[in-house]
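The values are calculated or read from the model by the stated rules, or taken from the named source; none is laboratory data. Model, not experiment: these values are computed from the prediction. When we count neighbours, we look across all protein chains shown, and the Cβ atoms used for this are built from the backbone with ideal geometry, even at glycine.
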């Protein structure tokens, strides 16, 4: 079990950025009105934000980071930038280095990417806090998000209405003596085919035929470069693994689950999250949502939910939080941390 604790890290600020463009489930043409009603009931998704073609995930993260840097006037003191995404700007170079330059950060700044999806925010926090805890690095920007709509096909009702685009920035600082963060991180690559873009990269290099649209079944048409998603596999995985991961983390960290103020779960699907919540016997008031407005935003969903649903609580109170991300990989993980007076903001890309 990948259980670990890190010391001396504190979240100062979280900003999330979404595109202005809204697509509503009620307007999606490839499902009937009855299917729309059932879709909204099970997934919770009423609308999503969709970025324009020339807007990247790094553009959204850039604006989120810029908001924080201006608020705290700290561009000169950032020592570390980590960009967590599965929709980078280029095959190479790494997007974190591009953002270091765009944001006007020092050339002494350490910058690199992590290729992760739904679990990415929790994994990113674990990497940042490990690098900060010695005190040699003082401030870090964790930039997390995805432009998931790039990889889906409008004619594929199994994927297209699920995903929205979003980026986020989290400012984390070294403060000696604050309470430890506790992590439980897991992975199972045998589930790789359940959420996959199989063609167009090194294993299956791009070919013009990958552009061809293939009808898989009525209502599901896509090209070989589009996302494939097996909803039942993901549902079964989440129900099997997420609850035990959280229970084990609480036990290992000697945390009473009743003392946790909020459980912020990856916004995969309302039915999945409610099933996990009920298995864990958590009050509904402790599990905030953002999926109804933004859909599944991959690695950005946890910070986006914090900015959308917990803005006042994060800014005004001391909180004990459990964050849990799970999905593509399969990769999943949870963290228990403490927060106090966290600046939060939710902005739109114009």
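Numbers below:
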quantity	calculated
All strands (runs of 3 or more DSSP E) inside region 88-204 with 3 or more residues being touching a helix residue (DSSP H, G or I) at 6+ places or on another chain (Cβ under 7 Å) and without any contact (Cβ under 8 Å) to a residue 40 or more places away in the chain	110-114
Matching option when the condition is buried (at least 18 other Cβ atoms within 10 Å of the Cβ) and touching a helix residue (DSSP H, G or I) at 6+ places or on another chain (Cβ under 8 Å), among 42, 25, 56	25
Search result, residues across region 99-125 that are surrounded by 19 or more Cβ atoms within 10 Å (Cβ to Cβ) and under 14 Å from the mean Cα position of the chain (by Cα)	116, 117, 118, 119, 120, 121, 122, 123, 124, 125
All positions within region 187-219 that are modelled with pLDDT of 90 or more and under 25 Å from residue 331 (Cβ atoms)	187, 188, 189, 190, 191, 192, 193, 194, 195, 196, 197, 198
Residue list for region 276-304, filter: in a helix (DSSP H, G or I) and under 21 Å from residue 159 (Cα atoms)	291, 292, 293, 294, 298, 299, 300, 301, 302, 304
Residue match in region 66-82 (condition: touching a helix residue (DSSP H, G or I) at 6+ places or on another chain (Cβ under 9 Å) and either within 24 Å of residue 162 (Cβ to Cβ) or free of Cβ contacts under 8 Å to residues at least 24 places away in the same chain (or both))	no
Test: residue in region 250-260 that is surrounded by fewer than 19 Cβ atoms within 10 Å (Cβ to Cβ), touching a strand residue (DSSP E or B) at 6+ places or on another chain (Cβ under 6 Å), over 17 Å from residue 11 (Cα atoms) and free of Cβ contacts under 8 Å to residues at least 40 places away in the same chain	no
Verdict on residue 299 being within 20 Å of the chain's Cα centre (by Cα), buried (at least 17 other Cβ atoms within 10 Å of the Cβ) and closer than 25 Å to residue 53 by Cα	yes
Enumeration of residues in region 312-329 that are buried (at least 16 other Cβ atoms within 10 Å of the Cβ) and either assigned to a strand (DSSP E or B) or over 17 Å from the mean Cα position of the chain (by Cα) (or both)	313, 314, 319, 321, 322, 323, 324, 325, 326, 327
Options 52, 23; residue that is in contact (Cβ under 8 Å) with a residue 12 or more places away in the chain, over 17 Å from residue 103 (Cα atoms) and assigned to a loop (DSSP other than H, G, I, E, B)	52
Single unsatisfied condition, residue 147 versus (1) exposed (fewer than 15 other Cβ atoms within 10 Å of the Cβ); (2) closer than 30 Å to residue 10 by Cβ; (3) under 19 Å from the mean Cα position of the chain (by Cα)	(1)
Residue count, region 205-249 (criterion: in a loop (DSSP other than H, G, I, E, B), under 20 Å from the mean Cα position of the chain (by Cα) and surrounded by fewer than 17 Cβ atoms within 10 Å (Cβ to Cβ))	1
